[in-house]
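Read the structure below first, then the notes.
The values are calculated or read from the model by the stated rules, or taken from the named source; none is laboratory data. Computed from a predicted structure; not experimentally measured. Cβ sites come from the backbone with ideal geometry, for glycine too, and all protein chains shown count toward neighbours.
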Amino acid sequence: MNLHDAESLAARGDLWRGTTWVERSLEGWIVPHRFPESTLGALASHAFFGSRSRHGAGVGLRFRTDSREVRLRLSLPLESPGGSWRTGVRVDGGPWTHQGPATAAEAFDVVVAPQGAGSRIIEFRFPPYAETRVVALELDGSLESVPPSPSTQLFFGDSITQGARAEAGETWAERVAHGCGCEILNLAVGGSGMDGLFAREIPARPYQAALVAYGTNDCGGQVPLATFLERGRELLSKIRAAAAGIPLVLLTPLPRIDKTDDVPLALESYRAAIGRLAEEFGATLLHGPDLLPEAGEIGVLSDKLHPAPLGHQLMAERVLDTLVRTAHG
């Protein structure tokens, strides 16, 4: 077996997907990050955002190999309250399978044994709601890069967009990016509301679209609508400044079945504010209640708020349908 240690993998930027940089540790592991280093530093001291911004939503490895066995050694040292710790694996773009511990673990192997002769494209996708540390990659054959997709979809949002309660590779954001033939850069953070902080640095890439989904936590915190709009304008202006002409897609909050609208500022008030932002920025507007009208049915939501795996699938199908219809006029 050929061993590629953490340091050698850190130097192979052509293998990583959904990342902006790779953190190296003296303990012999690395963490591939979706947030740029400066943004991660700005978020580090926050009680929730500091840890969740280190989670691997949309992050993974993709490469071609003729190896008959591929073994990726990982570590998931920190408990995560938001979902599965399992790593997604697929071969030649097939369906995802998942391997890994039921809880945090210091070290474990994810093993793939492709069948048949010839080379295969292997993809690993890390848990969206846990920090994944990469220790080594072992294989008994070649390790070749695969050209990335020509464009990337950019995502901002809260835990629903980060992928709470979803398996790796199967969040609504990952499904939409894959369905559009794009790479993904997921800058969503669980617990967050509309805030320009998350777009303080956006790497230069050929972006196909930016999808922005906030409002649920803003409603929970009863953020004044004037403040919500101000933060929204800041965020969207930063996105447009970093990627001139990028199409914007704004999603209003999904239905919640655990709350009534008896608070002073109900979800509908934030949906209307997002509609106003869509008009100001010429964005496509997608209404959350239309994306998941089955929210009250068994198996669609996991906890009366976050989509279950079926909810992520249904939501992605409807977002994709709208994007396709918009693209074709």
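Have a look at Ala47, Ala6, Ala57 and point out the one that is of a type in the set (A, V, I, L, M) and surrounded by fewer than 20 Cβ atoms within 10 Å (Cβ to Cβ).
Residue meeting the stated conditions: Ala47.
Would you check which residues across region 31-44 are aliphatic (A, V, I, L, M) and loosely packed, with under 15 Cβ neighbours inside 10 Å and list them?
Answer for region 31-44, where residues must be aliphatic (A, V, I, L, M) and loosely packed, with under 15 Cβ neighbours inside 10 Å: just Ala44.
Based on what the data block shows, is Thr103 exposed (fewer than 15 other Cβ atoms within 10 Å of the Cβ) and among the hydroxyl-bearing types (Ser, Thr, Tyr)?
When the stated conditions are applied, Thr103 passes them.
Can you spot a residue in region 21-29 that is over 18 Å from the mean Cα position of the chain (by Cα), buried (at least 17 other Cβ atoms within 10 Å of the Cβ), modelled with pLDDT of 95 or more and more than 28 Å from Gly193 (Cα to Cα)?
Within region 21-29, one or more residues are over 18 Å from the mean Cα position of the chain (by Cα), buried (at least 17 other Cβ atoms within 10 Å of the Cβ), modelled with pLDDT of 95 or more and more than 28 Å from Gly193 (Cα to Cα).
Somewhere in region 133-146, is a residue surrounded by fewer than 16 Cβ atoms within 10 Å (Cβ to Cβ), charged (D, E, K, R) and not in a loop (DSSP other than H, G, I, E, B)?
yes
Is it true that some residue in region 279-290 is free of Cβ contacts under 8 Å to residues at least 24 places away in the same chain and within 24 Å of the chain's Cα centre (by Cα)?
No: region 279-290 contains no residue that is free of Cβ contacts under 8 Å to residues at least 24 places away in the same chain and within 24 Å of the chain's Cα centre (by Cα).
Checking the condition at pLDDT 90 or above, under 16 Å from Ala173 (Cα atoms) and touching a Ser or Thr at 6+ places or on another chain (Cβ under 9 Å), which residue from Leu248, Leu310 passes?
Step by step, each of Leu248, Leu310 is checked, and only Leu248 is at pLDDT 90 or above, under 16 Å from Ala173 (Cα atoms) and touching a Ser or Thr at 6+ places or on another chain (Cβ under 9 Å).
Looking only at strands (runs of 3 or more DSSP E) that fall completely inside region 38-126, which ones have 1 or more residues that are in contact (Cβ under 8 Å) with a residue 60 or more places away in the chain and not β-branched (Val, Ile, Thr)?
In region 38-126, 60-65, 70-76, 87-91, 97-99, 120-125 are the strands (runs of 3 or more DSSP E) which contain 1 or more residues that are in contact (Cβ under 8 Å) with a residue 60 or more places away in the chain and not β-branched (Val, Ile, Thr).
Scanning for something over 25 Å from Ser149 (Cα atoms), out of contact with any helix residue (DSSP H, G or I) (no Cβ under 9 Å at 6 or more places or on another chain) and among the aliphatic types (A, V, I, L, M), does region 37-46 turn up at least one residue?
The answer is no, given that none of the residues of region 37-46 is over 25 Å from Ser149 (Cα atoms), out of contact with any helix residue (DSSP H, G or I) (no Cβ under 9 Å at 6 or more places or on another chain) and among the aliphatic types (A, V, I, L, M).
Give me a count of the residues in region 313-329 that are of a type outside the set (Ser, Thr, Tyr) and modelled with pLDDT under 90.
Result for region 313-329: 6.
Which pairs turn up if I take residues in region 293-312 that are under 12 Å from Ala166 (Cα atoms) and look for partners that are of a type in the set (Val, Ile, Thr) and assigned to a loop (DSSP other than H, G, I, E, B) with beta carbon separation below 8 Å, at least 6 apart in sequence or on another chain?
Leu301/Ile257; Pro307/Val300; Ala308/Val300; Leu310/Val300; Gly311/Val300; His312/Thr171
Pairs needed: first member in region 189-217, surrounded by fewer than 23 Cβ atoms within 10 Å (Cβ to Cβ); second member anywhere, of a type in the set (Val, Ile, Thr) and part of a loop (DSSP other than H, G, I, E, B); C-beta distance under 7 Å; at least 6 residues apart or different chains.
Once the first residue is surrounded by fewer than 23 Cβ atoms within 10 Å (Cβ to Cβ) and sits in region 189-217, its partners that are of a type in the set (Val, Ile, Thr) and part of a loop (DSSP other than H, G, I, E, B) give Gly193/Val223; Pro203/Thr20; Tyr207/Ile246.
So Cys180 ticks every box in (1) surrounded by 21 or more Cβ atoms within 10 Å (Cβ to Cβ); (2) closer than 23 Å to Ala199 by Cα but one. Which box is left unticked?
(1)
If I filter region 299-307 for residues that are loosely packed, with under 14 Cβ neighbours inside 10 Å and touching a Pro at 6+ places or on another chain (Cβ under 9 Å), do I get at least one hit?
Yes: one or more hits.
Touching a Leu at 6+ places or on another chain (Cβ under 8 Å), closer than 26 Å to Gln313 by Cβ and of a type in the set (A, V, I, L, M, F, W, C): which single residue out of Phe49, Phe124 fits that description?
Every option except Phe124 fails the conditions.
Could you go through region 225-238 and let me know if any residue there is surrounded by 15 or more Cβ atoms within 10 Å (Cβ to Cβ) and assigned to a loop (DSSP other than H, G, I, E, B).
Looking through region 225-238, none of the residues is surrounded by 15 or more Cβ atoms within 10 Å (Cβ to Cβ) and assigned to a loop (DSSP other than H, G, I, E, B).
Checking Ala177 against (1) more than 25 Å from Ile122 (Cβ to Cβ); (2) at pLDDT 95 or above, which single condition isn't satisfied?
Single failed check for Ala177: (1).
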